[in-house]
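The values are calculated or read from the model by the stated rules, or taken from the named source; none is laboratory data. The structure displayed is predicted, hence computed values, not measured ones. Every residue, glycine among them, receives a Cβ derived from its backbone with ideal geometry; neighbour counts consider all protein chains shown. Note: areas computed on protein heavy atoms with side chains; ligands, DNA, RNA excluded. Shrake-Rupley method; radii C 1.70, N 1.55, O 1.52, S 1.80 Å.
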Amino acid sequence: MSHWLLKSEPDVFSFEDLISRPKKTEPWNGVRNYQVRNYMRDEMKVGDLGFFYHSSCPNPGIAGVVRLSSEAKPDPTQFDSKSEYHDPGSKKEDPRWLLVDVTWEATFPKFVSLDDLRSAPELAEMLILRRGNRLSITPVSHAHFTKICAMGGLKKVPK
DNA sequence: GCCAACGTTGGC
DNA sequence: GCCAACGTTGGC
């Protein structure tokens with residue numbers, strides 16, 4: 001099983017928004033980056049775990065854990081001319097952009113802030129902490145996943 | 001295929 | 001609002 005970190009701007013869609021959704025599940029639409037699209041297509045599997053990261057906000061950091069609940073499938077917003085994610089160059093018979101469904105798994109008793117991540121020496125290699133990293137989904141090692149779950153106050157690491 | 005211009009991301 | 005980083009676009 002692989003582990004992931006998924007960024008979302010809480011003004012647009014927050015961890016609390018996910019919890020309030022039916023079945024605590026949301027289609028992760030709007031990815032318009034080829035590298036992230038390829039992660040979804042080639043590497044992300046049903047049952048994989050991920051962190052829900054709040055970005056571009058006063059207190060960036062990780063709010064909790066999610067689980068991937070679908071395989072990659074076409075993102076319908078690419079065909080919706082009213083959507084900000086509309087891509088007129090994508091064809092129905094050959095969709096350019098994919099999404100996966102994401103389901104709430106666990107809420108961290110203690111929010112793990114970006115400062116917390118930066119201050120943990122064993123997390124120094126995390127992609128999210130590298131300058132200029134702008135991918136909205138990044139892989140997370142099993143060791144980092146376990147460490148961050150502990151920092152978040154989870155008694156049991158989801159698996 | 002190169003690369004300058006442009007747009008977006010995201011922390012501060 | 002600033003700005004560094006970097007992906008994308010488009011002229012050639």
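The rows are residues; the columns are (1) away from DNA strand B (no atom under 16 Å from the Cβ); (2) open to solvent by less than 30 Å² (accessible area, probe 1.4 Å); (3) modelled with pLDDT of 95 or more.
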residue	(1), (2), (3)
A:78	no, yes, no
A:83	no, yes, no
A:99	no, yes, yes
A:108	yes, yes, yes
A:112	no, yes, yes
A:116	no, no, yes
A:124	no, no, no
A:140	no, yes, yes
A:151	yes, no, yes
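I'd like the full set of residues that are touching a helix residue (DSSP H, G or I) at 6+ places or on another chain (Cβ under 7 Å) and charged (D, E, K, R), limited to segment A:120-150. Hits for segment A:120-150 are A:122, A:147.
On the stretch given as segment A:39-74, residues that are more than 13 Å from residue A:136 (Cβ to Cβ) and surrounded by fewer than 17 Cβ atoms within 10 Å (Cβ to Cβ) total 13. Only a single item in (1) more than 30 Å from residue A:148 (Cα to Cα); (2) surrounded by 13 or more Cβ atoms within 10 Å (Cβ to Cβ); (3) of a type in the set (D, E, K, R) is not met by residue A:94, and it is number (2).
Of note, residue A:136 satisfies the criterion of being within 16 Å of DNA strand C (Cβ to nearest atom) and touching a residue at least 12 places away in the same chain (Cβ under 8 Å). Would you check which residues across segment A:39-74 are assigned to a loop (DSSP other than H, G, I, E, B) and within 16 Å of DNA strand B (Cβ to nearest atom) and list them? Residues satisfying the conditions are A:55, A:56, A:57, A:58, A:59, A:60. Of all residues in segment A:17-38, which are under 28 Å from residue A:118 (Cα atoms) and in a helix (DSSP H, G or I)? Once the filter is applied, which keeps residues that are under 28 Å from residue A:118 (Cα atoms) and in a helix (DSSP H, G or I), segment A:17-38 yields A:17, A:18, A:19, A:34, A:35, A:36, A:37, A:38. Against the list (1) surrounded by fewer than 21 Cβ atoms within 10 Å (Cβ to Cβ); (2) under 14 Å from the mean Cα position of the chain (by Cα), the condition residue A:5 fails is (1).
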